[in-house]
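Novice: Before I ask anything, here is the structure I am working with.
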Amino acid sequence: MIPREGFVAGPFLEANCDTPAKITQHVSNQLLSAHGTMEQYKAVYNHTFTLLIEDRKKAIDLEQAADFWRILTDAKTGFAWKTKSGLDFLPLWLEFLNAKWSKAINRDLWRQTLAFMTKALQDESLSFWSEESSWPSVIDDFVQWVRVEKRGEAMEE
């Protein structure tokens with residue numbers, strides 16, 4: 001859900017986005033124009049968080065983050081979080097967050113999620129992850145959840 005302030009006095013007003021459909025189209029257009037390189041995509045991805053953050057808050061709610069992860073990882077407008085073998089991580093990520101995470105999404109988690117997405121596309125077994133890594137704890141919990149609940153022994157190192 002987009003807060004009212006985003007329409008009344010924020011970047012969405014400047015972009016003439018006064019409905020959820022226009023916001024979705026605006027973000028999609030930004031992604032299409034940035035489709036050339038990962039650096040451009042990353043800039044749009046990170047800027048999306050800035051667009052969504054309400055004045056004086058440091059995080060966005062989970063539902064809002066999930067809506068925009070769906071937009072940002074759509075194969076037509078961004079980069080799909082789906083591996084070459086067909087493993088689609090986004091539904092797993094959203095299922096995990098809805099079941100196990102009740103907090104808002106802060107800027108660090110938003111950005112680290114993109115870094116994690118990129119690594120997971122290169123290594124769907126998630127063997128790049130280790131307990132010594134510096135991922136946010138929710139990503140640590142997600143990896144363990146996927147290994148135990150969703151993939152069993154197939155993801156073990």
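Novice: So between LYS22 and LYS82, what do we pick up on full extension, going 0.36 nm a residue minus the alpha carbon distance? It would help to have the intermediate numbers written out before the result.
Specialist: Values: separation 60, 0.36 × 60 = 21.60 nm, distance 2.61 nm.
The LYS22-LYS82 span can extend by a further 19.0 nm.
Novice: Would the range 62-155 count as rounded, prolate or oblate if I go by the C-alpha gyration tensor, calling it rounded below 1.5 in a/c and otherwise prolate when a/b exceeds b/c, oblate otherwise?
Specialist: Values: a/c = 1.43, a/b = 1.11, b/c = 1.29.
Rounded, since a/c falls under 1.5.
Novice: Ok, one more. In this model, which of LYS58/LYS82; LYS42/LYS100; LYS22/LYS58; LYS57/LYS119; LYS42/LYS76; LYS22/LYS57 are farther than 19 Å apart at the alpha-carbon?
Specialist: Pairs exceeding 19 Å: LYS58/LYS82; LYS42/LYS100; LYS22/LYS58; LYS57/LYS119; LYS22/LYS57.
Novice: Taking the beta-carbon count within 10 Å as an exposure proxy, list GLU63, GLU124, GLU132 from fewest neighbours to most.
Specialist: Working: GLU63 13, GLU124 17, GLU132 5.
Fewest to most other Cβ atoms nearby, the residues stand as GLU132, GLU63, GLU124.
Novice: Take the alpha carbon gyration tensor of the range 45-114, find the square roots of its eigenvalues, order them as a ≥ b ≥ c, and report rounded if a/c is under 1.5; if not, report prolate when a/b exceeds b/c, else oblate.
Specialist: Since a/c reaches 1.5 but b/c is at least a/b, the shape of the range 45-114 is classed as oblate.
Novice: If you don't mind, there's one more thing I want to ask. Grab the other residues whose beta carbon is less than 12 angstrom from that of ASN106, score K and R as +1, D and E as -1, and report the net.
Specialist: +3
Values quoted throughout were computed directly from the atomic coordinates according to the rules given, and no laboratory measurement underlies them. Everything quoted here is computed from the prediction, not taken from an experiment. So basically every Cβ, Gly included, is an ideal-geometry build from the backbone, and we count neighbours across all protein chains shown.
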